[in-house]
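One structure below.
The values are calculated or read from the model by the stated rules, or taken from the named source; none is laboratory data. Treat the numbers as computed from the prediction; the structure is a model and nothing was measured. Ideal geometry is used to build each Cβ from the backbone, glycine not excepted, and the neighbour counts take in all protein chains shown.
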2 protein chains.
Amino acid sequence: MPASVVRNLIPLQCNNCVIRHRAICGTLNGDDLTRINAIARQKKYRTGETIFYEGDEVNYLGNVVSGVVKLGKLLPDGRQQIVGLQFASDFLGRAFKGKATCQAEAATDVELCIFPRKPFESLLSDIHDLEDQLFANTLDELDAARDWLLLLGRQSAREKVAKFLLMIARRIPNIGCGSGDGEDADAICFDLPLSRADMADFLGLTIETVSRQITRLKTDELIDVEQNRTITVSSVSRLEAASGQ
Amino acid sequence: MPASVVRNLIPLQCNNCVIRHRAICGTLNGDDLTRINAIARQKKYRTGETIFYEGDEVNYLGNVVSGVVKLGKLLPDGRQQIVGLQFASDFLGRAFKGKATCQAEAATDVELCIFPRKPFESLLSDIHDLEDQLFANTLDELDAARDWLLLLGRQSAREKVAKFLLMIARRIPNIGCGSGDGEDADAICFDLPLSRADMADFLGLTIETVSRQITRLKTDELIDVEQNRTITVSSVSRLEAASGQ
DNA sequence: CGTTATGTTGATAGCCGTCAACATACGTGG
DNA sequence: CCACGTATGTTGACGGCTATCAACATAACG
């Protein structure tokens, strides 16, 4: 991860880790946990910082502890597509291949729990459970990528934005909101971790189209928007209907 | 694979297997090879037959021996997207999860070398090399899916068709063609394994747009088309330029 | 308080989808 | 072998969705 400054290298305590039960290290027992703890380090990035570029030799892998990481790909002429979003407890990096196949950038402030590649790959060989977890994780990512193929290839701008909001709502901690004034029971509130530009690059749209679709969803009273980034989904079921399933 | 008739269940001889050196069993030694050989069976499908549907319990996994398999996803209203193509030596099916996450259909006549799920998963646990191979395979598929996200999200119809033809040219056995009459040295000839409708579903386009783009590539003398399915790429480099990279 | 980044809205254009007609290839039965 | 129906592919006319260009509004920041 050459492009950025390491802000913090305090060894972590897996015992206190907020994401451990959901991350690939979640099933490790005391002994194996000690071994992975021994090589784990914390690393922080600020919003907008690049974690690595496509083609870089990346000597670390790790888990996202907090924040959101964008995985992106570029065309020679500058067109860009976000090909994945990694949230807290997601794994970042590709085992058995140092060369990054896409760019990684901090969409928000990000904390990573990183492992140097070589010792981590040794652990993968030694601890069968760990490789199984990572494998399962990769299969889930493949499923997610294929869901997104369907979205990009066959859905309208409105459906894309609706589905994106639902996806974020599921993966981002919700905010208590709209309480007390008789709102719908299945209302959900959250802060968007992505700018309109990032949303556009994720959905294969332009900034303007994303903005217009959000305005339309607001006009149609499917969502409410405060300060651009704070979204309240008034009715999840109606937004799901608008998302095409 | 419930929807179809098993045409052939003769045990295979891995020793004579044409795809073994490229498939996940390629690195296995004599003993392990015997074990996987013992559970392998051949299965054949005709063009257009469904191998399994999304949501099916699939009790087999396996390699594509010959032909091309389409992996597809459907929206409730019938819109369709092909999310992957599996060629000879590619692995078909998802380990550790019986329920299929997409539909599989024979795009051409297809031969599979299948393994019943349970014994195969046992082998995966026992033979570390095998799991590593399958894991590496899955990572490659994830990379391919992400490349396709960029294509679907950010490239024009012309670029999509050009890139598709180049992808097929790389994965399908080429035909000797155009020889002797002074054609370009880097000319390539092959038969399309997909109909225009399949290409459309793979590229997120309509049949008509695919057809028009092929006509345009022909008019621009980047390719030549005989009998709809036989493509000659006159100049690979010019087609690459048209594909956006 | 000025400057820059981010987001919204409007007018217009163009790419691709839709609808339709036609052409060609393929398969079946007479 | 031909007639017929069906599947597949092409081409044209037209329309709509989304991109582009532009102006403006608002927020963030030093």
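A quick yes/no check of all residues on (1) hydroxyl-bearing (Ser, Thr, Tyr); (2) crowded, with 17+ Cβ neighbours inside 10 Å; (3) touching a Lys or Arg at 6+ places or on another chain (Cβ under 9 Å):
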site: B:40; (1), (2), (3): no, yes, no
site: B:51; (1), (2), (3): no, yes, yes
site: B:59; (1), (2), (3): no, no, yes
site: B:64; (1), (2), (3): no, yes, no
site: B:71; (1), (2), (3): no, yes, yes
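Tell me, please, whether a residue that is in contact with a strand residue (DSSP E or B) (Cβ under 8 Å, 6 or more places away or on another chain), outside the structural domain of residue A:35 (by TED's automatic domain parsing), under 19 Å from residue A:70 (Cβ atoms) and surrounded by fewer than 19 Cβ atoms within 10 Å (Cβ to Cβ) can be found in segment A:186-198.
So far as segment A:186-198 goes, yes, one or more of its residues are in contact with a strand residue (DSSP E or B) (Cβ under 8 Å, 6 or more places away or on another chain), outside the structural domain of residue A:35 (by TED's automatic domain parsing), under 19 Å from residue A:70 (Cβ atoms) and surrounded by fewer than 19 Cβ atoms within 10 Å (Cβ to Cβ).
For residue B:122, all conditions in the list (1) within 14 Å of another protein chain (Cβ to nearest Cβ); (2) among the hydroxyl-bearing types (Ser, Thr, Tyr); (3) touching a helix residue (DSSP H, G or I) at 6+ places or on another chain (Cβ under 8 Å) hold save one; what is the number of the exception?
(3)
Every residue, every condition in (1) over 28 Å from residue A:195 (Cβ atoms); (2) hydroxyl-bearing (Ser, Thr, Tyr), yes or no:
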{"position": "A:40", "(1), (2)": "yes, no"}
{"position": "A:53", "(1), (2)": "no, yes"}
{"position": "A:59", "(1), (2)": "yes, no"}
{"position": "A:86", "(1), (2)": "no, no"}
{"position": "A:104", "(1), (2)": "no, no"}
{"position": "A:107", "(1), (2)": "no, no"}
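What is the residue count in segment A:135-159 for residues that are more than 8 Å from chain B (Cβ to nearest Cβ) and part of a helix (DSSP H, G or I)?
First, pick out the residues of segment A:135-159 that are more than 8 Å from chain B (Cβ to nearest Cβ): A:137, A:140, A:144, A:151, A:156-159.
Going one step further and asking which of them are part of a helix (DSSP H, G or I), we end up with A:137, A:140, A:144, A:151, A:157-159.
Qualifying residue count, segment A:135-159: 7.
Can you go through B:232, B:219, B:215 and tell me which one is more than 13 Å from DNA strand D (Cβ to nearest atom), more than 22 Å from residue B:148 (Cα to Cα) and at pLDDT 95 or above? Break it down stepwise before answering.
Working: B:219 fails: more than 13 Å from DNA strand D (Cβ to nearest atom); B:215 fails: more than 13 Å from DNA strand D (Cβ to nearest atom).
It is B:232.
Could you check residue A:105 against (1) under 28 Å from residue B:132 (Cα atoms); (2) in contact (Cβ under 8 Å) with a residue 24 or more places away in the chain; (3) more than 14 Å from chain B (Cβ to nearest Cβ); (4) not in a loop (DSSP other than H, G, I, E, B) and say which number it fails?
It is condition (1) that residue A:105 fails.
Contact list please: Cβ distance under 9 Å, first residue in segment A:35-48 and part of a loop (DSSP other than H, G, I, E, B), second residue of a type in the set (Gly, Ala, Ser), pairs at least six apart or on different chains.
Note: pairs meeting the criteria are A:40/A:62; A:46/A:4; A:46/A:106; A:47/A:67; A:47/A:106; A:47/A:107; A:48/A:106; A:48/A:107.
Got a number for residues in segment A:55-82 being within 12 Å of chain B (Cβ to nearest Cβ) and among the basic types (Lys, Arg)?
Residues flagged as within 12 Å of chain B (Cβ to nearest Cβ) and among the basic types (Lys, Arg) within segment A:55-82 amount to 2.
Would you please name the residue that is surrounded by the fewest Cβ atoms within 10 Å (Cβ to Cβ), looking only at residues in segment A:215-229 that are near DNA strand C (Cβ under 9 Å from one of its atoms) and assigned to a helix (DSSP H, G or I)?
Across segment A:215-229, the extreme among qualifying residues is A:219.
Mind checking which pairs have a first residue in segment B:193-214 that is more than 7 Å from DNA strand C (Cβ to nearest atom) and a second that is charged (D, E, K, R), Cβ under 6 Å, 6 or more apart or different chains?
Here the result reads B:203/B:160; B:207/B:196; B:210/B:196; B:211/B:196; B:213/B:158, each pair linking segment B:193-214 to a residue that is charged (D, E, K, R).
If residue B:102 meets every condition in (1) crowded, with 21+ Cβ neighbours inside 10 Å; (2) within 17 Å of the chain's Cα centre (by Cα); (3) not assigned by TED's automatic domain parsing to the domain that holds residue B:71 apart from one, which number is that one?
So residue B:102 meets the others, but not (3).
Would it be correct to say that residue A:96 is modelled with pLDDT under 95 and not small (Gly, Ala, Ser)?
Answer is yes for this residue.
If you take the residues in segment A:83-95 that are among the hydrophobic types (A, V, I, L, M, F, W, C) and in contact with a Lys or Arg (Cβ under 9 Å, 6 or more places away or on another chain), which one is nearest to the other protein chains (Cβ to nearest Cβ)? Full working, then the answer.
Applying the first criterion (among the hydrophobic types (A, V, I, L, M, F, W, C)) to segment A:83-95 yields A:83, A:85, A:87-88, A:91-92, A:95.
After this cut, where a residue has to be in contact with a Lys or Arg (Cβ under 9 Å, 6 or more places away or on another chain) as well, the list is A:83, A:85, A:87-88, A:95.
Values: A:83: 4, A:85: 12, A:87: 17, A:88: 20, A:95: 7 Å.
Out of the qualifying residues, it is A:83.
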